[in-house]
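Data block below; observations after.
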Amino acid sequence: MTAFGVACTGAVSGTPNPPAPVASTPHGSTASSTAPEAALAVRSAGYQLIAPIQRSVAVWDGNSVYIAGGLDAAATTVGGVFAMDPTSGRLTPLGSLAQPVHDAAATMISGKLYVFAGGAGAGTDTVQTFDPATGTGSVVGHMPVALSDLAAAQMGTVTYLVGGYDGTRPRSEIYATTDGTTFSTAGHLPIGLRYPAVTEVAGRLVIAGGLGPRGPVNDVYTFDPSSGTTTLRAHLPAPVAHAAAFTLGGRVYVVGGRDASDSALTRASEIDPSTWRVEAEPPLGQPIADAAVAAGRRTLLIGGWNTSTSSAVLQASLRAETATASKGSGGSTSGRGDGNVYAAIATKRLRPSVANDPSFVYVPNGVPGTVEVIDPKTFRIVRRIDLGYRSFPEHITPSWDMRWLYVNVDGTNELAVIDPRTGKMVRIIHGVEHPYNLYFTPDGTKAIDVAEYYDRLDFMDPHTWKLIKPLTLPCNGPDHLDFSADGSYLLISCEFDGTVVKVAVKTMRVMGTIHVGGLPVDVKLSPNGRVFFVANQGLGGVSVVDPVSMTVRGFIPTGSGAHGMAISRDTTKLYVTNRLAGTISVIDFSRRRVVHTWNVGGSPDMVQVTPDGSRIWVSNRYGTTVEAISTAGGHVIRRIEVGGDPHGLAYFPQPGRFSLGHNGVYR
């Protein structure tokens, strides 16, 4: 659940505007058919509100979006509360707030909607609750100061209230509350801001734009709750207030808003939180400001204003810019998919923060306890990192922000840290118990140590490496995992008892299990995000699992010992290594069947695709070599001696916005 409060000022007049799709257009005048990019799309959600509204609050909780307060088309402050089904758009009236308000902020606490401050003219210090179960609203507390025009974002159990207006000047305080009625000052903005656009990414607030003492600003700040510090990170292309901010695919987007002349805008900007580089996105199809944002399974912009108050509901998503990446990329042909999960990797282009890193293949060798660093251009080993005999380094894992490479040293309970800018080891992180595999949640807030030895997932802070929560799984031999498209849950294979387990990422609790049989190993989400593909070494193929019903929807025979998997660069194919057969199978996602089988010999295990997609690199687990293989015909280009027991190799750097971990899985 994510909470937002959106408050805007300016003229409100005229009649409701008709619902119209708002869409972004591809970057540039032409699009490549082979290298689609991830593009922001803001389009009609397929339904609209029953009446125009702006400057309301909207909070996504469970299966509903709760909408409260705001200004109607006649500029009257209203207090109605509605529950909206985000799939169908069906609106259910629930009742009214105790006091009508606009320009407020909101969150959900213990199943109740909390509405902070706002007003029907002057700001108030009122804290209101609305109970959806009983349809009753009441005043339950007071803010430290009377405010309007503030924003809210929730991280974990803490709601942060940012900025606002006290009737005289913009405010700089950032308040924190866990119960909705007790407040502490968590930090300050460098200047007072009204109507800032606020979202959360990687455990920090991102605060973009807003109305300062002298007008709109283009500053982008972060607020770190752990230290209470606010840092200026970047600047938007132009000053803006009343904009909407949200996080998609690990990046922050700021859309719409108003300029200094109070005109609604079509501007959209993308902010990369790993580099703080700001890039202009294609303009929206029509201006939009003052919309409430609700983020959950989808990201919705509700109501708002352009030249009049709007009844539109818009959906923001990331989509491939060309048809190539989305045609046939889903695991289902039902047409229910929502874009391409892997749109950001369907390109040769590297993100700016890694574009100058040297390309190397990093190969961990279990028994010898070494990492061989290979130049993929010359096929020569340029460095050997010695971690100790029988230390069992298992996988090379890129960090979420792609700044570091972590060697999962299972035998010594350590992570060896490699700086990819030099290809050299720089330090050791101790106390990570039996890290057979390592992953990062899509929002970058948690690392997950797959402690296979203990049948356990250890959720950890990826910055301090302190344990957040251990989760013992109801299975034997947890191995590989992947995340849902929205990052709310993961599916993990348990190799030794044929089980796949579903785990909620936020609560870190088991949601369900399914017995697929055999020996399930690698796990990959389909490009359309509807099903998971699970390599099954014991059954000699790939199980197709529906994560909603937790049932097996199909099985694709590939070869004996089906083990590792990788997505093709154009995201239409799945490479599957058959470790016992010495082959590699190529599965067409759209047809869910094998279209090629390459006899490469050895015991192909983990696999990586080169940035240009022309080759894959594969480790031979039961041998002493790795292979570079052509994706054009499946022939072995070069076989390189590296040492015994080569396992989870990583080719780095790679395209993508962020890393999910393992040996290099990106979105």
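Residues that are in a loop (DSSP other than H, G, I, E, B) and free of Cβ contacts under 8 Å to residues at least 24 places away in the same chain within the range 245-297 comprise Ser261, Thr266, listed in sequence order. With the condition kept exactly as written, say whether any residue in the range 391-407 is more than 28 Å from Arg204 (Cα to Cα), surrounded by fewer than 20 Cβ atoms within 10 Å (Cβ to Cβ) and not aliphatic (A, V, I, L, M). Scanning the range 391-407 turns up no residue that is more than 28 Å from Arg204 (Cα to Cα), surrounded by fewer than 20 Cβ atoms within 10 Å (Cβ to Cβ) and not aliphatic (A, V, I, L, M). Among the residues of the range 207-242, the one identified as out of contact with any Lys or Arg (no Cβ under 8 Å at 6 or more places or on another chain) and touching a residue at least 60 places away in the same chain (Cβ under 8 Å) is Ala208.
All of Thr199, Thr126, Thr178 fail the test of being in contact (Cβ under 8 Å) with a residue 12 or more places away in the chain and either in contact with a helix residue (DSSP H, G or I) (Cβ under 8 Å, 6 or more places away or on another chain) or buried (at least 23 other Cβ atoms within 10 Å of the Cβ) (or both), apart from Thr199.
Restricting attention to the range 277-291, report how many residues are of a type outside the set (A, V, I, L, M, F, W, C) and within 22 Å of the chain's Cα centre (by Cα).
Here is the first cut: in the range 277-291, the residues of a type outside the set (A, V, I, L, M, F, W, C) are 277, 279, 281-283, 285-287, 290.
Those still in the list that are within 22 Å of the chain's Cα centre (by Cα) too: 277, 279, 281-282.
Qualifying residue count, the range 277-291: 4.
Filtering the range 147-193 down to residues that are in a strand (DSSP E or B) and touching a Lys or Arg at 6+ places or on another chain (Cβ under 6 Å), which residue is farthest from Leu232 (Cα to Cα)? Ranking the candidates gives Tyr165 first. Going by the conditions given, is Arg90 assigned by TED's automatic domain parsing to the domain that holds Val198, of a type in the set (Lys, Arg) and under 30 Å from Arg169 (Cβ atoms)? Considered against the rule, which asks whether it is assigned by TED's automatic domain parsing to the domain that holds Val198, of a type in the set (Lys, Arg) and under 30 Å from Arg169 (Cβ atoms), Arg90 comes out as no.
Could you check, for the range 563-575, whether at least one of its residues is assigned to a strand (DSSP E or B), among the β-branched types (Val, Ile, Thr), under 22 Å from the mean Cα position of the chain (by Cα) and under 30 Å from Leu248 (Cβ atoms)? Spell out the reasoning first.
As a first pass, look at the range 563-575 and keep what is assigned to a strand (DSSP E or B): 563-567, 573-575.
Remaining after also requiring among the β-branched types (Val, Ile, Thr): 567.
This time we only want the ones that are under 22 Å from the mean Cα position of the chain (by Cα), so: 567.
From what is left, the residues that are under 30 Å from Leu248 (Cβ atoms) are 567.
Yes: one or more hits.
In summary, Thr370 fulfils each of the numbered conditions (1) more than 19 Å from Val607 (Cβ to Cβ); (2) surrounded by fewer than 20 Cβ atoms within 10 Å (Cβ to Cβ) with the single exception of condition (2). The set of residues from the range 130-146 being in a loop (DSSP other than H, G, I, E, B) and surrounded by 19 or more Cβ atoms within 10 Å (Cβ to Cβ) comprises just one member, Pro132. Count of the range 80-97 residues, restricted to those that are closer than 12 Å to Gln128 by Cβ and buried (at least 22 other Cβ atoms within 10 Å of the Cβ), is 2. Name the single residue, out of those in the range 523-564 being in contact with a His (Cβ under 6 Å, 6 or more places away or on another chain) and of a type outside the set (Val, Ile, Thr), that is surrounded by the fewest Cβ atoms within 10 Å (Cβ to Cβ). Within the range 523-564, the match that is surrounded by the fewest Cβ atoms within 10 Å (Cβ to Cβ) is Gln537. Cβ-Cβ distances below 6 Å connect the following pairs, each with a first residue in the range 495-506 that is part of a strand (DSSP E or B), a second residue that is polar (S, T, N, Q) and buried (at least 21 other Cβ atoms within 10 Å of the Cβ), and a separation of six or more residues or different chains: Val500/Ser493. Would it be correct to say that Ser560 is touching a residue at least 40 places away in the same chain (Cβ under 8 Å) and either in contact with a helix residue (DSSP H, G or I) (Cβ under 8 Å, 6 or more places away or on another chain) or not in a strand (DSSP E or B) (or both)? No; evaluated as a whole, the condition is false for this residue. Inside the range 181-196, residues that are crowded, with 18+ Cβ neighbours inside 10 Å, without any contact (Cβ under 8 Å) to a residue 60 or more places away in the chain and farther than 20 Å from Met108 by Cβ make up a count of 5.
Scan the strands (runs of 3 or more DSSP E) fully inside the range 439-488 and keep the ones with 2 or more residues being crowded, with 17+ Cβ neighbours inside 10 Å and in contact with a helix residue (DSSP H, G or I) (Cβ under 8 Å, 6 or more places away or on another chain).
On the way: elements: 447-451, 456-460, 467-472, 478-483.
Here the list reads 478-483.
Would you check which residues across the range 578-626 are farther than 15 Å from Ala650 by Cβ and under 27 Å from the mean Cα position of the chain (by Cα) and list them? Correct list: Ile587, Asp588, Phe589, Ser590, Arg592, Asp612, Gly613.
Which of the residues spanning the range 563-578 are touching a residue at least 40 places away in the same chain (Cβ under 8 Å) and closer than 19 Å to Ile637 by Cα? Lay out the reasoning, then the answer.
Within the range 563-578, the first condition is being touching a residue at least 40 places away in the same chain (Cβ under 8 Å), and the residues that meet it are 563-572, 574-577.
Scanning the range 563-578 gives Ala566, Ser568, Arg569, Tyr575, Val576, Thr577.
Residues that are closer than 17 Å to Tyr651 by Cβ and of a type in the set (A, V, I, L, M) within the range 371-407 comprise Val371, Val373, Ile374, Ile381, Val382, Ile385, Ile396, Met402, Leu405, Val407, listed in sequence order.
The criterion of at least 1 residues that are polar (S, T, N, Q) and touching a residue at least 12 places away in the same chain (Cβ under 8 Å) is met by the following strands (runs of 3 or more DSSP E) wholly inside the range 596-667: 604-609, 615-620, 625-630, 659-661. Filter the range 55-97 for residues that are under 24 Å from Ala245 (Cα atoms), of a type in the set (D, E, K, R) and either part of a loop (DSSP other than H, G, I, E, B) or touching a Lys or Arg at 6+ places or on another chain (Cβ under 7 Å) (or both) and give the result. Scanning the range 55-97 gives Arg55, Asp72, Asp85.
Summed over the range 565-589, residues that are in contact with a Lys or Arg (Cβ under 9 Å, 6 or more places away or on another chain), closer than 25 Å to Arg349 by Cα and not acidic (Asp, Glu) total 9. Can you find a residue that is surrounded by fewer than 20 Cβ atoms within 10 Å (Cβ to Cβ), closer than 20 Å to Ala41 by Cα and not assigned by TED's automatic domain parsing to the domain that holds Arg657 anywhere in the range 214-232? No, the conditions are met nowhere in the range 214-232.
Looking at Pro52, Pro100, can you tell me which residue is part of a loop (DSSP other than H, G, I, E, B), crowded, with 24+ Cβ neighbours inside 10 Å and modelled with pLDDT of 95 or more?
Values: Pro100 fails: crowded, with 24+ Cβ neighbours inside 10 Å.
Just one listed residue meets the conditions, Pro52.
Against the condition surrounded by fewer than 17 Cβ atoms within 10 Å (Cβ to Cβ), assigned by TED's automatic domain parsing to the domain that holds Asp461 and modelled with pLDDT of 95 or more, how does Asp386 come out, does it pass? When the stated conditions are applied, Asp386 passes them.
The values are calculated or read from the model by the stated rules, or taken from the named source; none is laboratory data. A quick note: this is a predicted structure, and the numbers were derived from the prediction, not measured. We place every Cβ from the backbone using ideal geometry, glycine too, and count neighbours over all the protein chains shown.
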